[in-house]
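The values are calculated or read from the model by the stated rules, or taken from the named source; none is laboratory data. For clarity, every value in this text was computed on a predicted model and none was experimentally measured. Counting neighbours? That spans all protein chains shown, and the Cβs are built from the backbone with ideal geometry, glycine included. Surface accessibility is based on the protein's heavy atoms, side chains included, excluding ligands, DNA and RNA. Shrake-Rupley method; radii C 1.70, N 1.55, O 1.52, S 1.80 Å.
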Amino acid sequence: MNPFEFSEPIATERLTLRLMTHDDTDAVHAWMSDPEVVRYQLYEPRDREVVAEKVAEMAAQSTLADRDDWIQPGVELAGHGIIGSIYFKLASLDDETGEIGWAFTRAYQGKGYAAEAASAMLDLAFGPLGLHRVYAELDPRNDASVALCLRLGMRHEAHFVEHMMFKGAWADTGMYGILDREWRAR
Ligand SMILES: CC(C)(COP(=O)(O)OP(=O)(O)OC[C@H]1O[C@@H](n2cnc3c(N)ncnc32)[C@H](O)[C@@H]1OP(=O)(O)O)[C@@H](O)C(=O)NCCC(=O)NCCS
């Protein structure tokens with residue numbers, strides 16, 4: 001595993017992954033305030049003030065070197081600003097494992113943008129970072145997120161039954177994973 005500093009934007013065919021700035025607050029607010037988008041996220045819809053704090057936190061995270069280090073670059077579509085973000089955490093150094101997550105503004109879902117941006121993050125994880133495994137945890141009722149995992153070639157590895165209290169009710173968690181050799185062979 002190699003330490004990584006997110007200093008340069010990452011370009012894909014249609015998108016750019018880059019660190020966010022205060023100017024992206026309205027764009028991030030578009031999804032963080034949307035009850036549909038946050039339904040299966042750990043938080044309730046956020047007001048603009050809270051979103052501004054979150055954007056400042058995300059803007060300050062650029063290093064992946066130690067356990068639990070995380071980054072959450074914004075995903076920019078030219079002419080549209082930030083349309084979503086990809087979360088990535090260095091979950092274990094010993095096991096060379098990362099965790100990935102995602103959220104996109106509703107108007108930009110269903111166009112393959114999330115898969116394109118997540119693929120760029122997996123390229124980073126299994127390329128420059130040199131990780132062995134990446135996993136995603138999700139609510140199994142979150143069909144779009146399940147479909148994205150499968151589209152990326154991730155394997156359904158676990159289903160935990162009512163193991164967490166989520167927004168006032170017991171909820172299951174699904175876990176999906178992919179190994180470096182599987183990502184390269186896809
Ligand atoms: C989970 C989430 C990121 C998935 O986004 P998404 O846009 O559905 O995912 P993708 O980028 O893979 O897009 C796939 C869809 O785009 C369509 N598509 C259109 N053009 C495409 C293209 N050029 N390339 C690929 N897919 C394309 C696909 O057919 C597919 O639609 P379908 O499911 O109707 O077949 C999104 O639903 C979301 O933000 N949800 C709310 C936040 C959330 O729950 N996050 C996860 C918490 S665990």
Identity of the residue in region 122-139, within 12 Å of the ligand (Cβ to nearest atom) and in contact (Cβ under 8 Å) with a residue 60 or more places away in the chain, that ends up nearest to residue 86 (Cα to Cα): 138
Output for region 99-117, where each listed residue is in contact with a Phe, Trp or Tyr (Cβ under 6 Å, 6 or more places away or on another chain) and surrounded by 21 or more Cβ atoms within 10 Å (Cβ to Cβ): 100, 103, 105, 114
Verdict on residue 103 being small (Gly, Ala, Ser) and within 14 Å of the ligand (Cβ to nearest atom): yes
Residue within region 106-121 that is among the basic types (Lys, Arg) and within 24 Å of residue 1 (Cα to Cα) present: no
Residue list for region 145-161, filter: of a type in the set (A, V, I, L, M) and either open to solvent by 70 Å² or more (accessible area, probe 1.4 Å) or in a loop (DSSP other than H, G, I, E, B) (or both): 150, 152, 154, 161
Failed item in (1) open to solvent by 40 Å² or more (accessible area, probe 1.4 Å); (2) at negative phi, with residue 167 passing the rest: (2)
